[in-house]
Every structure is written in structure tokens, then in C-alpha cells.
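Everything on this sheet refers to the single structure shown next.
The values are calculated or read from the model by the stated rules, or taken from the named source; none is laboratory data. Given the structure is predicted, the values throughout are model-derived calculations rather than measurements. Cβ coordinates were reconstructed from backbone atoms using ideal geometry, including for glycine residues, and neighbour counts include every protein chain displayed.
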Amino acid sequence: MTQDEMIDACLKHTLYSWAATGKVTPLPIERAEGIYLYGPNGQKWMDFNSQLMSVNIGHSHPKVVQAIKDQADTLIYTIPGSATKARAELATRLAEIVPGNINTFFFTLSGAESNENAIKAVRQYSGRFKILSRYRSYHGATNACLSMTGDPRRNQNAGGAPGFVHVMDPWPMTFSWGETDEEITRKNLIYLEEVIQYNGPETIAAMFIESVTGTNGILPPPKGYLKGLRALLDKYGILLVCDEVMAGWGRTGKLFAFEHGDIVPDIVTMAKGLTSSYIPLGAVGMSDPIAQYFRDNVFWGGLTYNAHALCMGTALAAVNVLMEEKLVENAAAMGEIMRSEIDRLTAKHPSVKGGRCIGLFGMVDIQKNSAGDPIVPFNTNSPVMAAFAKRLLENGLFTFIRWGSFMCNPPLCITKEQLLEGFAIIDEALEICDAAFEG
């Protein structure tokens, strides 16, 4: 099959997500290795977004590929009610390394399914129904998760699941809670407590947050926010669920992003980096009190592929690679270099408003003028950003563009030299954005 035949067949017979398929120009990928993607016609691109911020250990790691083969030779699938070696080994390993008293795991196939089952768990455990979440959030594309999500994709699914209450983040789009981290944290939590009182704390089961907001800006919480939030929710008996689907498994320079705030949630949801996307898998990690409740009471949730043996074996190998090769530590070290490179681009290019990163979790914003207005309004696209993305691909770098920003989320195995090479490609392409800068 030629490259054109492959693309034509995909466009003719498949539907692409979050897009009008007739307007999609898919990237033709034949294989991938390390931090690189390869096309059928000899193309090579640096994967500067780990695909969907998920291939944390890099592509085609031989130890994980071998683990998939070994597990396939042994046991691929059994019913969810069975006990398998792969299930036992992965669950035991997770209990060892996930912080705090999170020692029990319900396995799913995605981040959305993890959040969906976490919603069920907090409602069943607490006997309450309402869920708090934030506007600058994304929690998945199932009905309940889109209803809980705050970003604009929720708007096209109006009339979704009931019981979800949205609140403003510490970092709103234009409004500001203050000048310092302390002021922002204090005022946002005062506001949040008022929302809790309006809704009746006795009706609220949990609050779901991305420990570091991902798709909607890569926004680490202000200093003291996570501890303050934890204390506020505890005051009213409201559970805290940290969605670590994107930020977890080393992306931020710690195994889980909530560790930066020196807290442990009641539930942590995960996927993506759990297997580095080699095989679909997600999990809901529960604290001991919640797990004990479901040892005595039925958990009304399930799926055919719960604790799928092939997924379990793959995850164990991926987690062990992450830990043994010290990729979490590498993310922290490379994050310092990323921070310097973002600062360098900000100083050099008038179109660069600035950027953020925590570990290898980064995003850079493009402005149209010296007043700092974004290159495009919220939830719209720009021909300038499309041209910028095209230039990046032409020069050998793949990443995601969202509205007027671009993402910097390479695999955690990236070296200093590779990271600098990636930013050199970005540096050159930013000339397109500079040319559109209005002064």
C-alpha cells in the first residue's frame, strides 16, 4: 500500500475524532522508535508531543515490545472475575509506588473510562450525587465525562448527564484572582467555598481536578492551592479526585503531579503513561477507606476488558522501564532546559507572549500584538498557526497546536541535545508568527 493509498483508505472508511473528516490531512506514520516518527516515504519527525502526551517512555522500547510478545504467548484474555499473574503483579507494583494509601485499583481501557468509573465510585461511596469540576478542564469523551469537562467540547454535547457543577480555575482565561500565588489561591478558594455553600455541601460527592491542567493550557496550580483545596473539601466531607491521565507517570518531573502539592487525593485516575500507550489501559486508584467500602458493598461498574491480561503485562513492563531508566528524574532535569528555551524564545520573538512548563509538560502562547492579545480568539483557529504547524512538519517536528498556543511534551527519554534540536526547529518556524505580529 502506497502512502496515498493508505491516506485515501483512512479518509474514505474511517471517521476522525474532533474533526470534520473531509477536512482532515492525516499524518502518514509507518513506524516509530524512541522520540521519532517515520513515514512511508522516508519522512522523519521528532515527536514533540508524545503523540497525545502519552508515549512517556518513547516509542517501541524493546523491553515493552518483548513483554507484549511474552504475554501474548502466555495468556491474552480472561473474564474480569478471574485472577491472573499479570493482574496480581501489576496491582502489587502499583500499590508499591503510587503515593499514600492508594493501594487498590480498578482497571479500565482509557482515561475517560477511568473518570467515568471514578464518578460512579464517589457517588456510591458518599451517597451524594453532585460533582464539582473546573471550566479549564478535560476529563474524557464519554457522556458523563464530557458533562464534567469544562472546555468547549462540552458545548456540542449540551443536555448531557446531570449533576455537574463547573467553577472557575485559579487561572481563568482573562479574569484574574490576584497578583501573587498566595492571593490567587486565597481568593479562588473563598469563591469555591461560596459555590459549595450555594449547592449544599451535603449534596456534593467529589471535586475532580486535573492536578496540572493539560489540554487547556498546561497550567500548574499556584503555590499552596492543592493543600488549600484538600483542606476545604475535607471541611465539607467532599472527596478529591485527581485526574492524572495526562500529567501522571513522570510527565511533570514527579511520578504524579499531585506530589508537587504535597497531598494525596482520595482517588487518582490514570491512563496514557500507564502503558505509554503501547496497549490501551486505564485505572482508578482508590484510597484504603474507599476500597474497604467496596470490599463490603457491590461496586456497580464494569467492562468486558477489565484487567485484560495483555494490557496488564504491558503496563508492568512500561512502568518498570519508566522507573528503572529514571525517566521521571530525566523529565525534571530536561524541564529546566525547556524552561530556559521557552524564556529564550520569548525574549527573541515578538510573537511569543510566553509559556509554561513543569517537567516535560509545556505550552507556549502566541500573541498578535504588544498588548498581549492572543493570535486568535478563544476556541477558534488561525491560518497563521496552521502555517506554523506546516513549517514544523516540513522541518521534521510534530506537535499539537491548540488555538493560539503550541505544546512541548516530548517523550521523557529525550536527551538535552534532542531537546535543543527541537527548539531550534521551533525557533525557525516562529518567523511565520513574527511576520503576523501587529506591533
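Within region 185-204, at least one residue is over 30 Å from residue 54 (Cα atoms), touching a strand residue (DSSP E or B) at 6+ places or on another chain (Cβ under 8 Å) and of a type in the set (S, T, N, Q).
Per the listing 247, 205, 257, 161, the residue uniquely of a type in the set (A, V, I, L, M, F, W, C), farther than 30 Å from residue 322 by Cβ and modelled with pLDDT of 95 or more is 205.
Inside region 234-252, residues that are part of a loop (DSSP other than H, G, I, E, B) and without any contact (Cβ under 8 Å) to a residue 60 or more places away in the chain make up a count of 3.
Of the residues 404, 359, 355, the single one that is at positive phi and in the same structural domain as residue 24 (by TED's automatic domain parsing) is 359. Scanning region 266-289 for residues that are surrounded by fewer than 24 Cβ atoms within 10 Å (Cβ to Cβ) and in a helix (DSSP H, G or I) gives 288, 289. Out of all the residues in region 294-308, is one or more surrounded by 20 or more Cβ atoms within 10 Å (Cβ to Cβ) and either of a type outside the set (Lys, Arg) or more than 29 Å from residue 360 (Cα to Cα) (or both)? Yes - at least one qualifying residue is present in region 294-308.
Candidates in region 130-184 are the residues that are of a type in the set (Lys, Arg) and assigned to a strand (DSSP E or B); of these, the one that is surrounded by the most Cβ atoms within 10 Å (Cβ to Cβ) is 134. Among all positions in region 333-356, there is no residue which is more than 30 Å from residue 94 (Cβ to Cβ), assigned to a loop (DSSP other than H, G, I, E, B) and without any contact (Cβ under 8 Å) to a residue 60 or more places away in the chain. Scanning region 31-78 for residues that are of a type in the set (A, V, I, L, M), in a helix (DSSP H, G or I) and buried (at least 17 other Cβ atoms within 10 Å of the Cβ) yields 53, 64, 67, 68. Taking region 318-365 as the range and being over 15 Å from residue 253 (Cβ atoms), in contact with a Leu (Cβ under 8 Å, 6 or more places away or on another chain) and among the hydrophobic types (A, V, I, L, M, F, W, C) as the test, the residues that pass are 318, 319, 321, 345, 352, 364.
Any chance you could count how many residues in region 232-261 are more than 19 Å from the chain's Cα centre (by Cα) and closer than 19 Å to residue 357 by Cα? Count: 0.
The conditions of being in contact with a Phe, Trp or Tyr (Cβ under 7 Å, 6 or more places away or on another chain), over 17 Å from residue 114 (Cα atoms) and among the β-branched types (Val, Ile, Thr) are met by residue 252. Applying the condition of being of a type in the set (Ser, Thr, Tyr), under 24 Å from residue 152 (Cα atoms) and over 20 Å from the mean Cα position of the chain (by Cα) to region 352-401 and asking which residue is surrounded by the most Cβ atoms within 10 Å (Cβ to Cβ) yields 382.
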